[in-house]
Structures are given as C-alpha cells and as structure tokens.
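This report refers to the structure that appears directly beneath it.
The values are calculated or read from the model by the stated rules, or taken from the named source; none is laboratory data. Here the structure is a predicted model, which means the values were calculated and not measured. Note that each Cβ is placed from the backbone with ideal geometry, even for glycine, and that neighbours are counted across all protein chains shown. Please note that ligands, DNA and RNA were not included when accessible areas were found on the heavy atoms of the full protein model with its side chains. Shrake-Rupley method; radii C 1.70, N 1.55, O 1.52, S 1.80 Å.
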Amino acid sequence: MTQVSVIGAGVVGLACATAMTEAGHDVTVYDRGEGLGPASCSWWAGGMLAPWCEGESAEEPVERLGAEALDWWAERVDGVARNGSLVVAPARDASDLRRFERRTRNAEKIDAEQIAELEPDLAGRFRQALFFAGEGHLDPRAALAGLRQRLAEAGTRVRYGEDRDPETAPGDVVVDARGFAARSAFDDLRGVKGEMLVLRTAEVALSRPVRLLHPRIPLYIVPRGEGVFMVGATMIESDERDRISARAMMELLGGAYALHPAFAEAEILEIGVDVRPSFPDNLPRLTREGRILRANGAYRHGFLLAPALAAQAAGLVSDPSSQPEFFHEHHRQRRTA
Amino acid sequence: MLKLYDHAVESRLLLGTALYPSPAIMADAVRAARCDIVTVSLRRESGTARAGQDFWGFIRDLGIRVLPNTAGCHTVKEAVTTAQMAREVFGTPWVKLEVINDADTLQPDVFGLVEAARILTKDGFQVFPYCTEDLGVAERLVEAGCEVLMPWGAPIGSARGLNNVYGLRSLRAHFPDIPLIVDAGLGVPSHAAAAMELGYDAVLLNTAVAKAGDPVKMANAFARAVEAGRLAFEADPLEPRDMAAPSTPVLGKAFLE
C-alpha cells in the first residue's frame, strides 16, 4: 500500500485525496488552516459546473474534462444541482449573446416566455437567453465538507493546523496541492485576482446560475439556497489577495442590480477576495520531482477540473510511467527579464 | 522604414495585450502578428505596482518594445501618475496617452489630453496621444511636443472600422511628415488595410484580435492586411472614376452583335 501525504485541503487536495483513497492508497491530508475555511481559494469559488459556458474562451480540455465533473461530484457529495445554467445580456449587448452562442456548444436559445418558465423572477427582464440544460452547480463549501466527510468515513485523515513542507513530509508520495502557496516551486505560476460577494435577499429566487454578459468581466450569480446568492467574479492579473476595490464592488453590485433590481435591497453577507493559481495557458498541470507530485494551476476551474486532475494524479501514483494529459515532465522555463 | 521617436520599426501593426483568453495565447498572437511593439495597460486595478508583475513579466519576455498606456484614466492627474508608474515598471520614456472623457463611448477628453501631453513631454516622456481626427487638437498636440499622433478609427472596442474616412484623410494631408497611427475601433483586417491605404503609418488594435474566436489566426490575418494596405499605398493606387476604362482597347475589335 502506497503511503501518500497530500498537502493542501482545497478542492484540488481533497479531490486528489479522494481519488487516491479510492485507488486503495493510504492517504493523509495536511492543511495549514485551522479547518475548512477562507484560507483556501476554493472557499471563495462560484461552484458552477459549467463546462460548455466556460468553453466560450477556455481551452478545449476544460470543456471535455469539465463535462465529466458533474457526475463525479454528484456521485460523491450531496447538493449537486443539475438545473442547467442561463446566459443573458442587456438588450444593448445583444451581439455579445450571439457571439457567445456561436462559440459554445449544447445551448438552446430561448425566448422571454421560456425564460419566465425557467426562472419566474426573471420574467419580462430579458427577451432572449441561452440555456445550457446539461450544466449544474454546487455550494463549494458544502461540497468540500462533503468530500472531507467521505474521506473520514474511508479512514483518510485530514489534519488541519499542520503546515507541512513537501520536502520533509512523510510518505512514499507527497502530493503538493497548496495552490498559490506553492508558487516558489514553479517558475511560471501566477495569481489571477478574483473578487466576489455573497448577498441575501428574500425577494429573488433562482434555480440555476445566471451569467450576465458584460464587456469586461464574466459576471454571474449562483443561488446558494435560502435567499443567499454568490456574485462573482473579477479577473485581474494581480496576486494581491487582501482587498476588494471599490470598482470591483461597484461592478459586481451593478451586475446583480442589472439582473434584478431587487438585489439593490439585498444584504451584503460577505466580501471575498483571493487569487487563482494559474499557469500561462490557464490550464492545470501535474509535475514531478522525485517523490513529490505537484498538482496546481486550476485557475478559475477548480471545481470543474479537480476531478480530472485528481484522477490523473492518482494514475501517476499507481503507474509512475503513465503520461496523463496534464503531466508536464519538463514544465516550461520562463526566461527572466 | 517607419521611425517613432527615432526608433525604427519594421512592423506597422501594434497590438494590445489585454483581454486574451490566457497569457500563452496572448504571446502566440503577438508572435503571429510579427509586431515590434505591444501596448500594455498599467492596470490601476492591480493596486500596487508589484502585484501585477507576473503578467508584466510575460510582456517583457516577448522581447519586443513596450508602449505602456494610460487606459481607463479620466483625468489629467490620473494619466500623468499612471504614466510615471509605467516608466518605472517598464523603463521606457514611451507612453500611449489616453485621457477618457465619456464612459459610454470612451471618447478622448481632448482638452485634458493636450494638457497631460504638455506635462509629460516636459517631464521627458515621448508621448503617443490617443486623439480624435480633429485638426485643431492635432496641432495642439504637436505643439505640446508629440511627434506621433494616434487618431481613433472608431470608439475603443466597437469594431466599427474607420468612422470618418474624410477626417482621417485630411489629417493625413495636414500632417504629411508626422507618423500617424490609427488606434482603436478596428474590427476586421479590411479596416486595417483601409487605414494603411489612406497612407497611415501603422495601426494599433487589441479587442479585434484578443476577442476573436481564434486570436492567433486573427493576428496573422491583421498582419497580412496591414502589409497589403501598406504595399498598396506605396504602389500608388488608382483614383475611382465614373466611367468604365477597358483594360483592352475597344478600337478595332470585332463586335459580334
């Protein structure tokens, strides 16, 4: 039985631990945080499982591998909603909706009546939308807790409050899933800042994530149940993770308000900001140095790609000679300026 | 060869570096466009200058000349501060100066533009002002020390092409010796070719490539259009005329009707 240490209990770490536990390895997870919480950028994720929407601008593997994520999550945690997702645009940006439709697959163009059927609270607000019936969403915090619970039931320990160094951690294999904290282990991992809000209002109900096409940021609202909504997210080339800007707040709130004016009266429950660990092509990577296997760079696709990344990482543990898709034996060296 | 502030450039296509799906695709597009100059916005959103340096590292790694811009600045003071920050980050006196007036059309504030150009030129900057095709404004900018002018084709990101061909033509005629670069509003390669055929020295664009379905292919398409337009201009194209002009002589031809 291979002894595996996974360092980092964000979505990539917990998914790796899950896949490796399922493969029969003896896994221990270490995380420097005191528990599931805001120290990990997964905590701030939107939780959309929207491979076809993401396909609008993401590389091909995001769509292909992301499509498998819906089943992976639904088989392992409770609360995965498979109600599809909606994409709308303000009337003046109708051409953006046409372009979005042209560049994505598996969408149905629907009219005002069909929008009202799907989301009664959006009745009369948009004349047309794209409906991606096959997509889904989950509450990231509940999903992480669900994975942790499942790991505990399988006898895999998750040890919080332990800041382990991959070099000295025990085990035959060490999986470094520290995300941006592992930055110094790579020469081309960068941060892409994201800002989000959690709002609460009893006046709007949504059954599925709604994206509002916006010229600058991909703005979306994900229902979390009981009147709670996640509004995200900015995409800024910056590794600053300690403040939300007034402009971002304004754009997020402006987007929510444009979707439904009732959001103007919503309570702001949380303001979140963190950075997404990203490689230059915005695709995740697996790299290996001796017994250390690094899984990183999930960018804005943590919940969407963690299952595939974890499956590939587990494959490398079981068969070190395998060459999974995200494996970079010699990851690209960035020239220094 | 085109000279911009005594710097000779081979390529007449300048690309912006914002809005691409990923830095890797941005770099591939810049290579496909074969450009010598890229513009980069010193995003004020990055907060501290240090926070955005990974992305700027990608830009520096391209190994070509950087023209930092003051995109999104609405006042003279903002634009001047951003330009100074850019000089520090990229170590170049070049700056593409944008002072925006209106949030909906992103029209330049030409009064603020002239004022900021004056301040920056005095401070040792070499200013590339994003302006309109207005001759009076252009004259003020040249008086302020600008040795290059960058009139818009159409509002930023609008993909409308050359909105005022007459205005651009008269600007070209008015300033035969100052490098003129059409900046902003181009959507497809034929727009770029049209600007070059008017005798413009270069074009600058970003959204048309970055937001295309295949940015790398579109960069290549623009590179060819710019080259075609320039060749056509140098080849002295025909003026349009009212009557047909047969390419083979009619006289003496056997008519069958």
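Below is a table of values for the structure above.
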item: Area hidden from solvent between B and A (accessible, protein heavy atoms only, 1.4 Å, total, Å²); result: 2100
item: Solvent exposure, largest accessible area first (probe 1.4 Å, DNA, RNA and ligands not counted), of B:W94, A:W44; result: A:W44, B:W94
item: Using a Förster distance of 41 Å, the FRET efficiency for A:S207-B:D134 (Cβ separation, nearest 0.05); result: 0.20
item: Threshold 10 Å² - residues in the range A:254-295 whose accessible area is reduced by that much or more when the chain is no longer isolated, probe 1.4 Å; result: A:P280, A:D281, A:N282
item: Most fluctuating residue given options A:T21, A:T168, A:T234, as computed from a GNM of chain A linking Cα atoms under 10 Å; result: A:T168
item: Portion, in percent, of the accessible area of the range B:119-257 that falls on carbon or sulfur, probe 1.4 Å; result: 56
item: Alpha-carbon centroids, the range B:97-127 and the range A:138-188: separation in whole Å; result: 50
item: Neighbour cut-off at most 14 other Cβ (10 Å), DSSP loop, chymotrypsin sites (Phe, Trp or Tyr not before Pro), the range A:216-266; result: none
item: Cα gyration tensor shape for chain A, rounded if a/c is under 1.5, else prolate or oblate; result: prolate
item: Shape of the range A:1-127, Cα gyration tensor, a/c cut at 1.5; result: prolate
item: The range A:126-194 shape via C-alpha gyration tensor axes, a/c threshold 1.5; result: oblate
item: Complex-versus-alone comparison for the range A:219-245, residues with a loss of 50 Å² or more in accessible area, probe 1.4 Å; result: A:I236, A:E237, A:D239
item: Most mobile of B:I100, B:I64, B:I37 in a GNM of chain B (Cα contacts under 10 Å); result: B:I64
item: B:K3, B:K211, A:K109, B:K217, ranked by accessible area, largest first (probe 1.4 Å); result: B:K217, B:K3, A:K109, B:K211
item: Gyration tensor (Cα) of the protein assembly as shown, equivalent ellipsoid semi-axes in angstrom; result: 48, 27, 25
item: Order by protection proxy (mean Cβ within 10 Å, highest first), peptides A:134-144, A:22-32, A:151-161; result: A:134-144, A:22-32, A:151-161
item: Exposure ranking of A:L97, B:L198 by accessible area [1.4 Å probe, largest first]; result: B:L198, A:L97
item: Pairwise centroid distance, computed over Cα atoms, of the range A:280-329 with the range A:238-271, Å; result: 33
item: Chain A, helix-only ellipticity at 222 nm - DSSP H runs n ≥ 4, -39,500 (n - 2.57), divided by all residues, nearest 500; result: -8000 deg cm²/dmol
item: Threshold 50 Å², the range B:16-32 residues less accessible with all protein chains present than alone (1.4 Å probe); result: B:P21
item: Residue-normalised accessible area of the range A:1-139, given per residue in Å² at a 1.4 Å probe; result: 41
item: Ranked by how many other beta carbons lie within 10 Å on average, peptides B:191-197, A:221-227, A:101-107 from highest; result: B:191-197, A:221-227, A:101-107
item: Kirkwood-based Rg to Rh ratio, the range A:1-48, C-alpha trace; result: 1.03
item: For B:52-62, mean number of other protein chain Cβ atoms within 10 Å; result: 5
item: From the C-alpha gyration tensor of the range A:269-310, square roots of 5λ in Å; result: 23, 11, 11
item: Accessible surface of chain A, 1.4 Å probe, proportion on carbon and sulfur as whole %; result: 47
item: Cα-projected label distance for A:R32 with A:I271, points at 7 Å along beta-carbon direction, nm; result: 2.5
item: Solvent-accessible heavy-atom area per residue, rounded to whole Å², over the range A:210-337 at 1.4 Å; result: 40
item: Most mobile listed residue (A:G315, A:G290, A:G191) in chain A, GNM with C-alpha springs under 10 Å; result: A:G290
item: Residue-normalised accessible area of chain B, expressed per residue, 1.4 Å probe, Å²; result: 46
